[in-house]
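The values are calculated or read from the model by the stated rules, or taken from the named source; none is laboratory data. Fair warning: this is a prediction, and the values are worked out from it, not measured in the lab. Neighbour counts are summed over all protein chains in view; Cβ atoms, including those assigned to glycine, are modelled from backbone coordinates with ideal geometry. With ligands, DNA and RNA removed, areas are computed over all heavy atoms of the protein, side chains included. Shrake-Rupley method; radii C 1.70, N 1.55, O 1.52, S 1.80 Å.
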Amino acid sequence: MKLKRHVQVLASEQEVLDGVRVRLIAPREQKRFDDLLVRQHYLKDATLVGERLCYVAEYADRWLALLAWSAAAYHLKDRDEWIGWTEEQRRRRLGWVANNSRFLILDDAHYPNLASRVMRLCLARLSVDWQERWGHGLLAAESFVDGQLFRGTSYAVSGWTQLGTTEGWGRHRQDFYVRHDRPKQLWVRELRAGARELLRAEQLPPQWAALEASVVPRCAYGVAALARMMEYFRRVKDWREVAKRYPCASLLAVVLCATLCGVMRGQRDLAAFAQGLTQAQRRVLRFRKDRRTGKYPAPKETTFFRLLTNVDPRELEQVLLDCQAHVLGPPTEEDRLIAYDGKALNSASGIELASGFSVATGRWMGTEAVAAGSNEIPAIQRLLARTDLTGQTAVMDALNTQQETARQVVQDCGGDYVLTVKGNQKGIGETLGQLWNGAHSAFSPYTHDVGSGAAHGAE
């Protein structure tokens, strides 16, 4: 609110303070809201970034004040120190912070104490409204105040804390900042008790943990890293005769980057992740520029669906294994124990994959899809058929304690095995007992360390 001389509150003014109400504007009122901001707000701009809500404070159908809330700033040193979160936490939880990007007391409504009353009423409902509109609540709020024009009194008396001043940059678009050389005061406020503890918590309560898991991560890699990722995939054949807007190598680089950033739920989240790429990132990925807008559009969900449906899985697997070897180097002594197992992607998809991973380091050894109506046994056998296990030991659960699997590991792959035997596998259990009690020579020397509950390389 603007600097004004204190005026004694008259009875009519007190009635306004007692009767003022704050509500969300209706869609048909957006133009009126924006026009008032452009005419009367000192910024002369009604542009909002990201998720947003617009409120009007009114008394007897008369508009008195306007409040607009939008996405929080990406980087604010003082705010981030106030919260105490890590870079990764900030990236995943920034959506739980909103920015009071516009606050305007209309020219004919400068009643004493109106600004603080309106702010208090708005804060009381903000998180609930955000939940209903955007599917998640809010934990904290921030705002910038131009100290050359305003004191920030309404923020101070409403429980906000001034942290310092900005460095003179303003968010102009979703991923673009411009310098305005007019530093502003930074004010922050928790919207519930313990909000900062939640924002920086290593382990979140179930409600907030589920919400965080639903947030599509943003790309954490710069243009140089994205360019290197794209180079890995040039060997993968493009299934299209002519690559149009998005080269196959570029799309696969986005998939790899998204996976490394935690995107796990298919083409819809891949498209949302790609939408978060900056124009510079899209340019280095060689997306084709739209001549009409001069910008690089992001691939849609259907593009990723066609990619995942048509790309050759064996070619892709080999490139990813080579990429892993380039990053991690050749296998070491720590990678001697390889676990093979099948896992369903989720209960709804019906898709199950069999994969091999180093128990100690997590090094990936390849993946094979489980055929519909089958189980992981033949899938793991197909995976073993293209795997070299020289100097390594394959570990599997009781389902895979099969003669053919054991033979394949030893004779075809050049490795050893540790296969689990359960109590309900009576035939195998009796055979092992007879061999153990009758002649220890039937087992390899390592059996003494493994124990009698497993078969180890015995043929």
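Things to note:
- Split the accessible area of the stretch 98-172 by element, probe 1.4 Å, and carbon with sulfur accounts for 47%.
- Net charge, residue 370 excluded, C-beta distance under 13 Å - Lys, Arg +1, Asp, Glu -1: -2
- Expressed as a fraction of 2.2 N^0.38 Å, the C-alpha radius of gyration for the stretch 183-255 is 1.83.
- Cβ-derived FRET efficiency at R0 51 Å, residue 241 paired with residue 78, nearest 0.05: 0.40
- Judged by the mean number of other Cβ atoms found within 10 Å, the most tightly packed of the peptides 312-320, 246-254 leads the ranking 246-254, 312-320.
- Label-point separation in nm, residue 361 to residue 420, each point 7 Å along Cα→Cβ: 2.5 nm
- Share of carbon and sulfur in the accessible heavy-atom surface of the stretch 212-371 [1.4 Å probe, %]: 56 percent
- Net charge contributed by nearby residues that have their C-beta within less than 14 Å of residue 380 (K/R +1, D/E -1): -3
- Cross-linked pairs 237/289; 77/300; 184/295; 244/295; 237/343: Cα-Cα separations exceed 26 Å for 77/300; 184/295; 237/343.
- Net charge, residue 131 excluded, C-beta distance under 12 Å - Lys, Arg +1, Asp, Glu -1: -1
- For the stretch 342-411, fraction of C-alpha pairs farther apart than 21 Å, in %: 23 percent
- Whole-angstrom Cα spans of the stretch 17-83 along principal axes, big to small: 43, 27, 22
- Simple spin-label estimate for residue 39 and residue 204 gives 4.2 nm between the two label positions (7 Å along the Cα-to-Cβ direction from each Cα).
- Rg/Rh for the stretch 208-336 (Cα atoms only, Rh after Kirkwood) is 0.99.
- Of all aspartates and glutamates in the structure, the ones whose alpha carbon falls short of 13 Å from that of residue 31, not counting any fewer than 8 places away in one chain, are 45.
- Cα-centre dipole for the chain with unit charges at Cβ (Lys and Arg positive, Asp and Glu negative), debye to 20: 2560 debye
- Ellipsoid fit via the Cα gyration tensor, the stretch 125-168: semi-axes of 26, 12, 9 Å, each the root of five times an eigenvalue, largest first.
- Rolling a 1.4 Å probe over the heavy atoms of the protein chains gives the chain an accessible area of 54 Å² per residue.
- With the charge dipole of the chain set up from +1 on Lys and Arg Cβ and -1 on Asp and Glu Cβ about the Cα centre, the Cα lying farthest toward the positive end among the listed residues 358, 186, 19 is that of 19.
- From the coordinates shown, Rg/Rh (Cα atoms, Kirkwood Rh) corresponds to which of (i) 1.13; (ii) 0.96; (iii) 1.02: (i)
- Counting only DSSP beta bridges whose two residues both lie in the chain, roughly 80 percent are antiparallel.
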